[in-house]
Amino acid sequence: MTSVAPRKNFQHLDHRLADALEVVGEWWTPLIVSTVNDGSYRFESIQNSLGIARNILTDRLNTLVAGGVLEKRLYSAKPRRYEYHLTARGLELIPIFERLEQWGDRHAQR
């Protein structure tokens, strides 16, 4: 029996939803965006709020910055520390994630 490795990206698809998921489709991403929107701007604050592993959070933050969803702002030069803030592009995601949360309230079971 051969196993097929799951795809790590959607670059093979010519679809706008696939393009969007390249930036915001990772498992933790909507929660990170929502947490930043709620006022947690610093790495430690985001991590503590979500209980996410440091390496995963670092990866997701870098993806969101590269995708133009978040911007990094230096708040301490020594040691170098950054805050993360939603860009205009990131703010456009908030109503989408809120609708997804409403859908979860109606249809997801705990």
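What follows is calculated from the coordinates using simple rules that are stated; it is not laboratory data. This is a predicted model, so every value here is computed, not measured. For neighbour counting, all protein chains shown are included, and Cβ atoms are generated from backbone atoms with ideal geometry for every residue, glycine included.
Please compute the net charge surrounding His85, taking Lys and Arg as +1 and Asp and Glu as -1 over other residues with Cβ under 11 Å from its Cβ. Before the final figure, lay out each step's value.
Values: positive: Arg42, Lys72, Arg73; negative: Glu71, Glu83.
That works out to +1.
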Inset, instruction - Add +1 for every Lys or Arg and -1 for every Asp or Glu among the other residues with Cβ under 13 Å from the Cβ of Trp28, and state the total. - result: 0
Legend entry - Using θ = phi - 60° and Karplus 6.51 cos²θ - 1.76 cosθ + 1.60, couplings along segment 57-70 (whole Hz; Gly, Pro as x): 4, 4, 4, 5, 4, 4, 5, 5, 5, 4, x, x, 8, 10
Legend entry - 3J(HN,Hα) from dihedral phi, segment 92-101, Karplus parametrisation 6.51/-1.76/1.60, rounded to Hz, x for glycine, proline: 5, 6, 4, x, 5, 5, 5, 5, 5, 5
Legend entry - Cut-off under 5 Å, modelled amide H: who pairs with Arg81 long-range: Tyr75, Ser76
Legend entry - Rg to Rh, two decimals, where the chain supplies the alpha carbon set and Rh follows Kirkwood: 1.02
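Sorted by mean Cβ packing within 10 Å, highest first, what order do the peptides 86-94, 49-57 take? Display every interim value, and only then the final one.
Values: 86-94: 15.1, 49-57: 13.0.
Result, highest mean Cβ count within 10 Å first: 86-94, 49-57.
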